[in-house]
Amino acid sequence: MPQRLTGKTALVTGAAAGIGKAVADRFAAEGARVIYADRNEAGAAEAAGSAPDRRPVAMDISDEASVERAFAELGEAGWRPDVVVANAGVQLFGHDAKAADLDLEVWKRTLDINLTGTFLTLKHSVRSMLESGGGSIIVTGSPTALNGEGNEFTAYSSSKAGGHGLARAVAAAYAKDGIRVNIVVPGYTETPLVTAISDDPESRAAIIGRIPLGRAGTPRDVEGIMVYLASDDSAFATGAEFRVDGGMTTL
Ligand SMILES: NC(=O)c1ccc[n+]([C@@H]2O[C@H](COP(=O)([O-])OP(=O)(O)OC[C@H]3O[C@@H](n4cnc5c(N)ncnc54)[C@H](O)[C@@H]3O)[C@@H](O)[C@H]2O)c1
């Protein structure tokens, strides 16, 4: 494995499972010190394991006190991140719905984590990076932010579109401070998030039918672009969207 992230400290939210865990593991394999952040404290600890270059931190991104506490703890321990992947998110299958059928509570729960939580992650990442002299922030976006893919997921699509807008605003506001912010758009990626689709042969076939490359994505598919955006190879990229979706959003 090339060591493209040697000397960097990276924090990944939602690192107990799915895309976040794969990216965190890959960053460590590429030479970074990695912080596994998740509201699932036991899951983060298990994912981080006992290697000295990895540490877990409890962080509920929808709770500002929790985010602030985690950044303070990391700063005191000498683990201030140069790279932050704002990746944690939820999709409330079975509850999220077309607008006319959508319960306000489901809307609020989704927005609280996916949009407000991403805002709080970026707010405290930027504060920390302003003190340390810059860094790279990566927001995990979604095809549902870009096209009609999420027409039955009003809250999720709206929260992800908000995340894309937030990333662009923060990118423009802090470029002069050496803080870059980019968006990675995974396509349909088989993780615990989407078992409602992957466990149902009909739904799975229907979604794969809309992917030009003809298969589901795996968390591994998302790692390479994350390494590029975390590394200095991407020094001139900010405010941009990078799609790793098997071509789904070209349709
Ligand atoms: N899987 C897909 O098909 C897909 C496609 C596009 C985008 N995404 C996005 O990728 C990101 C990761 O998704 P995934 O598929 O790996 O999901 P996942 O459910 O497998 O993992 C999500 C992780 O986030 C954590 N989390 C949830 N709420 C949290 C909170 N409030 N604070 C801290 N941690 C929290 C969970 O505990 C879990 O460990 C999400 O933002 C999701 O919207 C996923």
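Odds and ends about this structure:
- Screening SER66 with (1) within 14 Å of the ligand (Cβ to nearest atom); (2) touching a residue at least 40 places away in the same chain (Cβ under 8 Å) gives one miss only, at (2).
- The condition of being among the β-branched types (Val, Ile, Thr) and more than 21 Å from the chain's Cα centre (by Cα) holds for ILE207.
- Check on GLU41, at pLDDT 95 or above, over 17 Å from PHE71 (Cβ atoms) and out of contact with any helix residue (DSSP H, G or I) (no Cβ under 9 Å at 6 or more places or on another chain): no
- Test: residue in segment 171-191 that is in contact with a Lys or Arg (Cβ under 8 Å, 6 or more places away or on another chain) and at pLDDT below 95: no
- Within segment 1-22, the set of residues being within 9 Å of the ligand (Cβ to nearest atom) and hydrophobic (A, V, I, L, M, F, W, C) comprises ALA15, ALA16, ALA17, ILE19, ALA22.
- MET1 meets each of the listed conditions (1) at pLDDT 95 or above; (2) surrounded by fewer than 22 Cβ atoms within 10 Å (Cβ to Cβ); (3) over 17 Å from the mean Cα position of the chain (by Cα) apart from (1).
- For the residues ILE211, ILE207, ILE225, the requirement of being in a helix (DSSP H, G or I), in contact (Cβ under 8 Å) with a residue 24 or more places away in the chain and either touching a Pro at 6+ places or on another chain (Cβ under 8 Å) or surrounded by 13 or more Cβ atoms within 10 Å (Cβ to Cβ) (or both) singles out ILE225.
- PRO143 meets each of the listed conditions (1) in contact with a strand residue (DSSP E or B) (Cβ under 7 Å, 6 or more places away or on another chain); (2) within 26 Å of THR6 (Cα to Cα); (3) not small (Gly, Ala, Ser) apart from (2).
- Top-ranked residue of segment 76-126 - restricted to ones that are among the small types (Gly, Ala, Ser) and under 24 Å from ARG26 (Cβ atoms), ranked as farthest from the ligand (Cβ to nearest atom): GLY78
- Taking each residue of segment 30-41 that is more than 12 Å from the ligand (Cβ to nearest atom) and looking for partners that are assigned to a strand (DSSP E or B) with beta-carbon atoms closer than 6 Å, six or more apart or interchain, yields ALA32/ALA10; ARG33/THR9; VAL34/ALA10; VAL34/ARG54; ILE35/LEU11; ILE35/ARG55; ILE35/VAL57.
- Boolean, ALA175 is surrounded by 20 or more Cβ atoms within 10 Å (Cβ to Cβ), in a helix (DSSP H, G or I) and more than 15 Å from the ligand (Cβ to nearest atom): no
- Condition met for SER157 (free of Cβ contacts under 8 Å to residues at least 60 places away in the same chain, in contact with an Asp or Glu (Cβ under 9 Å, 6 or more places away or on another chain), buried (at least 20 other Cβ atoms within 10 Å of the Cβ) and of a type in the set (S, T, N, Q)): yes
- Residues of segment 28-60 that turn out to be of a type in the set (Gly, Ala, Ser) and not in a loop (DSSP other than H, G, I, E, B), as a count: 10
- Residue list for segment 73-109, restricted to those being part of a helix (DSSP H, G or I) and touching a Leu at 6+ places or on another chain (Cβ under 6 Å): VAL106
The values are calculated or read from the model by the stated rules, or taken from the named source; none is laboratory data. All values derive from a computational prediction rather than experimental measurement. Cβ atoms come from the backbone with ideal geometry, glycine included; neighbour counts cover every protein chain shown.
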